[in-house]
1. If the cut-off is a Cα-Cα distance under 19 Å, which aspartates and glutamates reach K94, setting aside same-chain residues fewer than 8 apart in sequence?
2. Only helices at least 20 Å long along their axis, Cα-based, and averaging -1.0 or more on Kyte-Doolittle count here, so list those DSSP H runs from the chain.
3. Please grab the % of Cα pairs in the stretch 21-106 that end up more than 18 Å from each other.
Amino acid sequence: MARNAKSAAEGAGITRELATPWTEVLADLESAAGDTAKDTSVLAIEPDHDKHRIVVKAESRDLPHALEYLKRVQHSRSLLHPMLDSHEVAADDKDRPVRFAFTADWRELP
């Protein structure tokens with residue numbers, strides 16, 4: 001009986017994972033970089049399937065480029081309400097890039 005419950009829970013987790021609109025989310029994040037892709041790089045994407053939310057960690061040449069990237073994400077079709085959570089200058093890097101994180105909800109597209 002416990003084995004069936006565990007299998008059901010694993011199946012539900014897999015279903016939630018597969019329901020995430022990864023194709024749209026990744027396309028929108030890439031599109032937001034546009035022709036300035038050399039200025040901003042996405043480092044990690046952490047999904048919260050229960051809340052339909054992602055945390056994106058990225059790095060940009062400087063704060064204005066980071067904010068411009070976030071502004072372009074605000075116009076994406078699949079991501080709603082992107083909000084800057086944190087940013088810091090990487091003092092240990094000679095180029096001193098800005099590492100930043102933002103949170104956005106994803107939208108189920110038809």
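Just so you know, all these numbers are worked out from the coordinates, no wet-lab data involved. Only a predicted model underlies this, so the values are computations on that prediction, with no experimental measurement involved.
1. D39, E59, D62
2. Details: long enough: 2-19 (26 Å, -0.37).
Membrane-span-like by this criterion, though nothing is claimed about a membrane: 2-19.
3. Details: 1314 of 3655 pairs.
The share of Cα pairs beyond 18 Å in the stretch 21-106 comes to 36 percent.
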